[in-house]
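The values are calculated or read from the model by the stated rules, or taken from the named source; none is laboratory data. What you see is a predicted model, and the numbers here were worked out from it, not measured in a lab. So basically every Cβ, Gly included, is an ideal-geometry build from the backbone, and we count neighbours across all protein chains shown.
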Amino acid sequence: MSHFRFEGREISIRPGQTIAAALAEAGELALRDTRSGAPRGVWCGMGVCQDCLVTIDGEENMRACMVKSAPGLTVTRQAFPGQTAARSIGAKPITAGDLQELTPEILVIGGGAGGLSAALSARFAGADVLLIDERSVAGGQYYKQTAEGAGPPLDRQQREGAALVADVMASGVQIMAPADLWGAYAADLFFVTHNHQTYRIKPRQVILATGAYERPWPVPGWTLPGVMTTGAMQTLWRSSRTLPAKRILVAGNGPLNLQVANELAAGGANIVAVSEAAAGPGLRTLGSGLALALSGPALALEGAKLVLALKGRGIALHWATRLVAVEQGLTGLRATLRNQLGQDIFVEADAIALGYGFSPANEIARALGAEHRHDHDKGHLVCVRTAEMETTVPNVFAVGDGCGLGGAPAARSEGLIAGITAAGRLGRSVNVTALAAANADLKRHRRFQKALWRLFDAPEPGLSLCSADTLVCRCEEVTKAALDAALADGSPSIAEVKRRTRMGMGRCQGRNCGPLLVAHLAETQGRPMDEHAYFAPRGPLKPVAIGDIVSAGKPR
Amino acid sequence: MSLPSDIDVVVIGGGIVGLSTARALSTDGRGVLVIDEGRNAGTNANAGSLHVQMQSRFLRMYPDQIGNLEYSLPLYPRAVGAWQQLARDLKADFELKISGGLMVAEDAAQFAFLKEKAERERALGLDVHMLERNELMAIAPYLGDAIYGAELCVTEGKLNPLLANSALRRAVLAQGVVIATETIVSALEQRDAGYLVSTSRGQVRCKTLVLAAGAGTGALSAHLSVVIPTVAEPLHMNVTEATSPLILHLVQHADRMITLKQLGAGQVVIGGGWPARFEGPQAFPTVEPDSLIGNLSLAQHVVPRLSRLRLIRTWAGVNTTCDGQCVLGALPGHANAFVAVPGDAGYTLGPLVGDMAAAIIAGRDPGFDVRPFSASRFA
């Protein structure tokens, strides 16, 4: 068995494990210290939160969740603020004109369910397609693929994804991955950094399929190492076949939590409890359940099976409870679950998965100026689109959860529609039958999704579960009390709150605290929750090393 | 919020100049209302360099303004002093550091240009020194192999503008100044001995009016038929994630557009006047990717260790340009309306210009011959 070193300790590696996975398996959940000296570990597990930064072979600020383990690496825990390696020779200055330019007919951004199906349908129509994704293995969050060498596909969901990825690879779609798209300046002007080199991309049509990331859940203790999103925990298992701990608590809102609890249990974890914020099946939700069964009988059945499977495994499923606090005990993390009557259940676990819904990753669409509207039911911005999935910016299409949550099956249909339409714009023949079928499927998927939301409807706590010292901004360590102090003086706009508190100025670039703050300002100041309520979108869309941004030449 | 109907002084512009003016006038015992549009520009988008030596960018871009720049040069060391005084007065730590500023040269010709510049600056009272490469590396080991030498200006420095602006704002509020944000002025009229100010939140009458709105000042003075040709210049800015102390000085270049400095919390701010643009009907200051590439490329050339540091955010700041000199004093033809727009490096000059404006309004000596700063020069 091969290994790398972490803080002098030998860490064994299994094939396909990320640095974060190998460390978690070795019991190392605290990966760095913040400015205040607090330990942090994996939170989002998908490259968004920047909480799992470690130093790898002298290069600081590497996301442990995104980097594959390799034998012989030296990984060290990072103290704030890190240290850049010494070097005295800088690269010769370049101008934007020196960058290599790519001119695909269609650029697809994101290799999840929506992006893969968009790329495939556009390619089938004969278009020249470039697909870029942040991860080295396409599939996105829903089809989350097993990393190479980690094992065979786990289930139908992964097999379906593997087949789709294989189809895309065989179709002649060009794939650039892992690649960071950091600049979106116009419908025909993008910048992407791949393998330490930056490219300017000037496509004729663009399809955004950027997906979603999990919402923060600001309660006391939510930043402790071992507390991570349900998606992060699922990635550890599905991609790397790694359980972060033996005793796991899963708490959240929505069916993903039930699925992941079962998957982890099947993988050998001791699921100490599952907490679901929704009220659970009953008379009130009979109608939604019925609608679910009618619009998606197979999925509805699978959902019912999830609940039964938990029961079969003897796992306690607490409906109508939510996690309100976590503290570090002597023998593990102590979580408090509270029901609607205010009664508490105390649960001890070594790791906690939190899955309280998703935020659309709409940074690129917003940077391009595509119009968005606030959807009160979904609680987030929804991209304004035509029936063909075109945004208000001509030649920019958007599909899937990035436009407002809709689920992976809908994303696939939307991807098909966008891919066929974008190729049609380029003069390729339009497969009318496929288009009609995709539209019919989409209608059904949307009905299903709507019923699902009603079934899992639960009140939003906003910042009401925070205590004074709970962090509302993980990156800049802004407490609820500090936010309150900033708000006490006048009715500051979101930009002014940002300047006063530094919320949104950290490494996650406001992805976690932004939506929380928008909702809070709406609640406390009555500000409208439209697209202007959010932090102004500013590049880079992800943090990228300066040397990579300005590298036009060959890879190092 | 609703506006008071009547007040001694209305200051239009809630940036560093407007707040400094308001603070001084309020200390004099006047009731002051500050009206601000709440745009992310000017002071709000400033990066906190304290400039003293002449910036090579201005010398190159506006050779006709060199005379004006040299006339104003003695103001800059005083302006840094005003910042230090402000920090003491407010008992606030906004990471103000007089760390010295380096203007680097990459070859003998650039070094010669700096040498000549330094001689003129020294004659005007600036504390500047020329450093050969070995002397330079002794104090700035972070600079790359490409750097030949530099001019050191001892009194330059930096501060954290977010902290400074907040501290000043809190102090001004504590003194009883009213600040109306997200408020847009639609008209200014002379009424009796005073002025009527019409805004998006209603009207207010005042005895004394101060225009301190940076690039927006020209549009305001036009309501009173006074020409002030302020121009908004959107400029590209970058900030990295935090790293350990690396860049100690304010760093500039003799021949190329770059400013580099590191904030107290470790982030490196990179600017230098690369162009941005205004976008859409709201004229939102917007970043140009060509500036991002050019600016960052130069940054890692000058400080190679920046190469592995990640860029977190870019934005467009808004600089005010006019003719290289302050516009300060009573508006021509108006006894009770004043203007306070600093010359180049307006943020550096802000607290000093605010104090000078308040002195002029109170009939005191501003401590500098401000006659050349009168807006009458544009008539």
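Restricting to the range B:258-316, and then to whatever is hydroxyl-bearing (Ser, Thr, Tyr) and part of a strand (DSSP E or B), can you tell me which residue is farthest from the other protein chains (Cβ to nearest Cβ)?
Per the stated criteria, the residue is B:259.
Checking residue A:549 against (1) farther than 21 Å from residue A:464 by Cβ; (2) buried (at least 20 other Cβ atoms within 10 Å of the Cβ); (3) away from every other protein chain (no Cβ under 11 Å), only one condition comes out false. Which one?
With (1) farther than 21 Å from residue A:464 by Cβ; (2) buried (at least 20 other Cβ atoms within 10 Å of the Cβ); (3) away from every other protein chain (no Cβ under 11 Å) applied to residue A:549, the lone miss is (3).
Examine the range B:220-241 for a residue that is within 23 Å of residue B:19 (Cβ to Cβ) and without any contact (Cβ under 8 Å) to a residue 40 or more places away in the chain, and state whether such a residue exists.
The answer is yes, given that some residue of the range B:220-241 is within 23 Å of residue B:19 (Cβ to Cβ) and without any contact (Cβ under 8 Å) to a residue 40 or more places away in the chain.
Counting only residues that are closer than 18 Å to residue A:355 by Cβ and of a type in the set (S, T, N, Q), which one in the range A:308-338 is surrounded by the fewest Cβ atoms within 10 Å (Cβ to Cβ)?
A:336
Of the residues that make up the range A:416-427, is at least one in contact with an Asp or Glu (Cβ under 6 Å, 6 or more places away or on another chain) and either surrounded by fewer than 23 Cβ atoms within 10 Å (Cβ to Cβ) or modelled with pLDDT under 95 (or both)?
Within the range A:416-427, one or more residues are in contact with an Asp or Glu (Cβ under 6 Å, 6 or more places away or on another chain) and either surrounded by fewer than 23 Cβ atoms within 10 Å (Cβ to Cβ) or modelled with pLDDT under 95 (or both).
Which of the residues that make up the range A:194-211 are within 24 Å of residue A:144 (Cβ to Cβ) and buried (at least 24 other Cβ atoms within 10 Å of the Cβ)?
Within the range A:194-211, A:207, A:208, A:209, A:210, A:211 meet the criteria.
Please identify the pairs in which a residue from the range A:49-62 that is within 11 Å of residue A:31 (Cα to Cα) and touching a residue at least 60 places away in the same chain (Cβ under 8 Å) has its Cβ atom under 6 Å from the Cβ atom of a residue that is buried (at least 19 other Cβ atoms within 10 Å of the Cβ) and among the aromatic types (Phe, Trp, Tyr), counting only partners at least 6 apart or on another chain.
A:51/A:43
Name the residue that is farthest from residue B:297 (Cα to Cα), counting only residues in the range A:500-549 that are small (Gly, Ala, Ser) and in a loop (DSSP other than H, G, I, E, B).
A:526
Does at least one position in the range A:208-226 carry a residue that is within 14 Å of chain B (Cβ to nearest Cβ) and of a type in the set (Phe, Trp, Tyr)?
So far as the range A:208-226 goes, no, none of its residues is within 14 Å of chain B (Cβ to nearest Cβ) and of a type in the set (Phe, Trp, Tyr).
May I ask you to list the residues in the range B:189-216 that are part of a strand (DSSP E or B), hydrophobic (A, V, I, L, M, F, W, C) and touching a residue at least 60 places away in the same chain (Cβ under 8 Å)?
B:197, B:204, B:206, B:209, B:210, B:211
What's the number of the condition residue B:244 fails, among (1) under 22 Å from the mean Cα position of the chain (by Cα); (2) modelled with pLDDT under 95; (3) hydroxyl-bearing (Ser, Thr, Tyr)?
(1)
Just give me the residues in the range A:71-88 being exposed (fewer than 12 other Cβ atoms within 10 Å of the Cβ) and within 14 Å of chain B (Cβ to nearest Cβ), in sequence order.
Once the filter is applied, which keeps residues that are exposed (fewer than 12 other Cβ atoms within 10 Å of the Cβ) and within 14 Å of chain B (Cβ to nearest Cβ), the range A:71-88 yields only A:86.
Within the range A:196-212, is there a residue that is over 25 Å from residue A:100 (Cα atoms), at pLDDT 95 or above and assigned to a strand (DSSP E or B)?
Yes, the range A:196-212 contains at least one residue that is over 25 Å from residue A:100 (Cα atoms), at pLDDT 95 or above and assigned to a strand (DSSP E or B).
When you scan the range B:95-173 for strands (runs of 3 or more DSSP E) that lie fully inside it, which ones turn up with 1 or more residues that are charged (D, E, K, R)?
Strands (runs of 3 or more DSSP E) meeting the threshold: B:128-132, B:149-153.
For the range A:439-455, enumerate the residues that are surrounded by 19 or more Cβ atoms within 10 Å (Cβ to Cβ) and in contact (Cβ under 8 Å) with a residue 60 or more places away in the chain.
Those that are surrounded by 19 or more Cβ atoms within 10 Å (Cβ to Cβ) and in contact (Cβ under 8 Å) with a residue 60 or more places away in the chain: A:445, A:448, A:451, A:452, A:455.
Among the residues of the range B:175-196, how many are away from chain A (no Cβ under 14 Å), crowded, with 18+ Cβ neighbours inside 10 Å and in contact with a Leu (Cβ under 6 Å, 6 or more places away or on another chain)?
Total meeting the criteria: 2.
For every residue, the table says whether it meets (1) touching a helix residue (DSSP H, G or I) at 6+ places or on another chain (Cβ under 8 Å); (2) free of Cβ contacts under 8 Å to residues at least 24 places away in the same chain.
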{"position": "A:295", "(1), (2)": "yes, no"}
{"position": "A:307", "(1), (2)": "yes, no"}
{"position": "A:314", "(1), (2)": "no, yes"}
{"position": "A:319", "(1), (2)": "no, no"}
{"position": "A:322", "(1), (2)": "no, no"}
{"position": "A:325", "(1), (2)": "no, no"}
{"position": "A:343", "(1), (2)": "no, yes"}
{"position": "A:351", "(1), (2)": "yes, no"}
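Restricting to the range A:161-179, and then to whatever is of a type outside the set (A, V, I, L, M) and in contact with a Phe, Trp or Tyr (Cβ under 9 Å, 6 or more places away or on another chain), can you tell me which residue is surrounded by the fewest Cβ atoms within 10 Å (Cβ to Cβ)?
A:171
Only one of A:94, A:109 is in contact (Cβ under 8 Å) with a residue 40 or more places away in the chain and within 14 Å of chain B (Cβ to nearest Cβ); which?
A:94
Those residues that are surrounded by fewer than 24 Cβ atoms within 10 Å (Cβ to Cβ), of a type in the set (A, V, I, L, M) and within 24 Å of the chain's Cα centre (by Cα), I need them from the range A:121-146; list them, please.
A:130, A:137
Need the failing condition index for residue B:209 against (1) touching a Phe, Trp or Tyr at 6+ places or on another chain (Cβ under 8 Å); (2) closer than 30 Å to residue B:62 by Cα, just the number.
(2)
Which residue out of A:495, A:458, A:552, A:482 is over 25 Å from residue B:285 (Cα atoms) and part of a helix (DSSP H, G or I)?
A:482
Among the helices (runs of 4 or more DSSP H) contained in the range B:1-90, which hold 1 or more residues that are surrounded by fewer than 24 Cβ atoms within 10 Å (Cβ to Cβ) and at pLDDT below 95?
Here the list reads B:56-61, B:66-72.
Restricting to the range A:9-34, name every residue that is within 14 Å of chain B (Cβ to nearest Cβ) and surrounded by 15 or more Cβ atoms within 10 Å (Cβ to Cβ).
Within the range A:9-34, A:32, A:34 meet the criteria.
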